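A.B. asks: Mind looking over this structure? Questions follow.
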Amino acid sequence: MAQDRPNVLLFTTDQHRGDHLGIAGHPVVRTPYLDSFVQRGAYFPNAYTEISSTTGARRVLLGGQGNYACGLVGYSSTEWFPEHTIASVLAGAGYHCINVGWRNLHPRRKLYGFHTVIPHDLHEGEDDYMEWLRREAGPWAQERAHGAGCNDWPARPWHLDERYHPTVWTNEVTMEQITKRDPTRPFFVWSSHLRPHSPYDPPRDFWDMYIRQELPPVPVGDWCAKFDAPNPGLDTRAWFGRLQPDELQRMRAGYMGNVTHIDYQLGRLLEWLQRDGGGLLKDTLVIFTSDHGDLQGDHHLLRKCMPYEGSARIPMLIRYPDGMDLPTGVFDRVVGLQDVMPTILQACGIEVPETVTGDSMLNAVRGEPWRQFFHGEHSPCYSLEQGNHYLTDGSEKYIWFPATGEEQLFDLTNDRQELHNLAGKPEHAERLSFWRGRLVDLLARRGDGFSDGKKLVPRTEWWKPEVE
């Protein structure tokens, strides 16, 4: 590297499924720029979110602390008071720290260690994108004037010129801020994109890539009949239900179009860093990830918050700067958002605070000892019964629903789409007991009432997303 410490670009999306990458083997979705990371870095196919909704996942990401340790176990619009964040530690070490785009942090303009924050956050006075859009496209311009809503399943193409799309704006402002950075310091830029989160509204060219394609059938497990609520008449913000075939096609095509649009914008940013940015790319560590996935009709489920692959599995890719001599390729260790902060700090040669519970993914790349399994959870959000805990090692997954006591066990090696629930089958009783015992031990150490050290303890009342 041309300097002692690399620049860092953290490029994130919201609600991006881990299987919606070309390199993940998706038969339709195209992400050529992300796929190329594997040639100069690392791809982790077994990456999961600790909390499968936005605010909790971002709390984990920014502080390098897992669920519960970070003070959250679900969705909560509360102010955080973390002792350390990626930005605060890097700023203390001399980095210029910039945050552009979608935040969903509270308060929305709180710096959380950054020197500069330019948000796209869907609220008057707290959304620099909307102020820009009205200046550039006219006083009546609106991001969602097309009628497709945030957290809704109806989809359609973007209604304005592509240059007005928030994905393009976030990219443009990222480049502008890098240009205007303090040139005497290395930079840390978090470029945060709202899409592919709904509205599913890619520009027309990206909509057209998928709307007429024959898409692979959505997985429907042998356990999900209770979610098979018919449509028409389904609420547009429903979290479960069976869409009509044409509605399902439009939703999925719009989502895939958003994914590929983001990939192209990432490619544009990387080319700009290499060419117009003065060759910065060679000195920049790039990490791409998302806060959680999107169920997209899997098992008749929509939105997020659930422990299934569509919602809990996320993309995780690293592109090394020049001079970082590490193995490249695909690495099957199970990783999460808490691992992003220690990865960045280790790459920058900065001591990792003791508050951090994650580990550097560079250690996983080197083949060093790693966690045996991963724990995620979500407090009740859509319903009491939806609250969940899950464990996975990338080969198997165990799920427990505290309000109902229901258990699920999936063989991810042979059934990545979670079509067959193995819990309750005598031949899998030993594996079920093994995973249940792991969760009993883990939750007993927390002391928050989910385990008495011998068995799991059901919850019959709603529990809060904030840790007391």
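A.B. asks: Would you check which residues across segment 67-109 are open to solvent by 30 Å² or more (accessible area, probe 1.4 Å), closer than 30 Å to Phe450 by Cα and hydroxyl-bearing (Ser, Thr, Tyr) and list them?
C.D. replies: Matches in segment 67-109: Tyr68, Tyr75, Ser77, Thr78.
A.B. asks: Can you tell me which residues in segment 229-257 are touching a helix residue (DSSP H, G or I) at 6+ places or on another chain (Cβ under 8 Å), closer than 25 Å to Phe206 by Cα and basic (Lys, Arg)?
C.D. replies: Within segment 229-257, the subset touching a helix residue (DSSP H, G or I) at 6+ places or on another chain (Cβ under 8 Å) is 229, 231, 239-243, 252-254, 256-257.
When the remaining residues are screened for being closer than 25 Å to Phe206 by Cα, the result is 243, 252-254, 256-257.
Residue satisfying the conditions is Arg252 alone.
A.B. asks: Out of the residues in segment 1-38 meeting the condition of being of a type in the set (Asp, Glu) and open to solvent by 10 Å² or more (accessible area, probe 1.4 Å), tell me which one is nearest to Ile262 (Cα to Cα).
C.D. replies: Here the answer is Asp35.
A.B. asks: Could I ask something else about it? Kindly provide the set of residues from segment 23-70 that are under 23 Å from Phe114 (Cα atoms), among the small types (Gly, Ala, Ser) and more than 12 Å from the chain's Cα centre (by Cα), ordered by number.
C.D. replies: Gly63, Gly64, Gly66, Ala69
A.B. asks: Identify, please: which residue in segment 287-301 is out of contact with any Gly (no Cβ under 7 Å at 6 or more places or on another chain) and in a loop (DSSP other than H, G, I, E, B) and is, among those, farthest from Leu21 (Cα to Cα)? Don't jump to the end; show me each part of the working.
C.D. replies: Filtering segment 287-301 for residues out of contact with any Gly (no Cβ under 7 Å at 6 or more places or on another chain) gives 287-292, 297, 301.
Then drop every residue that is not in a loop (DSSP other than H, G, I, E, B), which leaves 291-292, 297.
Details: Asp291: 15, His292: 14, Gly297: 18 Å.
Result: Gly297.
A.B. asks: Return the residues of segment 346-377 that are among the acidic types (Asp, Glu) and open to solvent by 40 Å² or more (accessible area, probe 1.4 Å); say none if nothing qualifies.
C.D. replies: Kept after step one, since they are among the acidic types (Asp, Glu), are these residues of segment 346-377: 351, 354, 359, 368, 377.
Glu351, Glu354, Asp359, Glu368 - these are the residues of segment 346-377 that are among the acidic types (Asp, Glu) and open to solvent by 40 Å² or more (accessible area, probe 1.4 Å).
A.B. asks: Of all residues in segment 273-285, which are part of a helix (DSSP H, G or I), open to solvent by less than 60 Å² (accessible area, probe 1.4 Å) and more than 17 Å from Val100 (Cα to Cα)? Lay out the reasoning, then the answer.
C.D. replies: Of segment 273-285, the ones part of a helix (DSSP H, G or I) are 273-274, 280-283.
When the remaining residues are screened for being open to solvent by less than 60 Å² (accessible area, probe 1.4 Å), the result is 273, 280-281, 283.
If the condition is that a residue be part of a helix (DSSP H, G or I), open to solvent by less than 60 Å² (accessible area, probe 1.4 Å) and more than 17 Å from Val100 (Cα to Cα), then Leu280, Leu281, Asp283 are the ones that fit.
A.B. asks: Scan segment 321-334 and tell me whether some residue there is touching a helix residue (DSSP H, G or I) at 6+ places or on another chain (Cβ under 8 Å), β-branched (Val, Ile, Thr) and crowded, with 22+ Cβ neighbours inside 10 Å.
C.D. replies: no
A.B. asks: Condition first: open to solvent by 70 Å² or more (accessible area, probe 1.4 Å), not acidic (Asp, Glu) and not in a loop (DSSP other than H, G, I, E, B). Now tell me which residues in segment 212-247 satisfy that.
C.D. replies: Residues satisfying the conditions are Ala225, Lys226, Pro245.
A.B. asks: Give the number of residues within segment 453-465 that are more than 30 Å from the chain's Cα centre (by Cα) and either more than 21 Å from Arg438 (Cβ to Cβ) or open to solvent by less than 80 Å² (accessible area, probe 1.4 Å) (or both).
C.D. replies: From segment 453-465, those more than 30 Å from the chain's Cα centre (by Cα) are 453-455; that's our starting set.
Then drop every residue that is not either more than 21 Å from Arg438 (Cβ to Cβ) or open to solvent by less than 80 Å² (accessible area, probe 1.4 Å) (or both), which leaves 453.
Matching residues across segment 453-465 total 1.
A.B. asks: Ok, one more. For segment 134-142, check the following and say yes or no: at least one residue is among the aliphatic types (A, V, I, L, M), in a loop (DSSP other than H, G, I, E, B) and closer than 22 Å to Phe206 by Cβ. Can you show your working first?
C.D. replies: If we filter segment 134-142 for residues that are among the aliphatic types (A, V, I, L, M), which is where we start, we get 137, 141.
Checking which are in a loop (DSSP other than H, G, I, E, B) leaves us with 141.
Still in the list and also closer than 22 Å to Phe206 by Cβ: 141.
Looking for residues that are among the aliphatic types (A, V, I, L, M), in a loop (DSSP other than H, G, I, E, B) and closer than 22 Å to Phe206 by Cβ, one finds at least one in segment 134-142, hence yes.
A.B. asks: Let me ask something additional. Looking at segment 356-468, what strands (runs of 3 or more DSSP E) fall wholly within it and have at least 3 residues that are in contact (Cβ under 8 Å) with a residue 12 or more places away in the chain and closer than 29 Å to Ile86 by Cβ? Before the answer, list the steps.
C.D. replies: Numbers: elements: 374-378, 388-392, 396-400, 407-411.
Where strands (runs of 3 or more DSSP E) fall fully within segment 356-468 and carry at least 3 residues being in contact (Cβ under 8 Å) with a residue 12 or more places away in the chain and closer than 29 Å to Ile86 by Cβ, they are 374-378, 388-392.
The values are calculated or read from the model by the stated rules, or taken from the named source; none is laboratory data. These figures come from a predicted structure and were not determined experimentally. Because the Cβ atoms are built from the backbone with ideal geometry, glycine has one as well, and the counts that use them run over all protein chains shown. Side chains included, ligands, DNA and RNA excluded: accessible areas come from the protein's heavy atoms. Shrake-Rupley method; radii C 1.70, N 1.55, O 1.52, S 1.80 Å.
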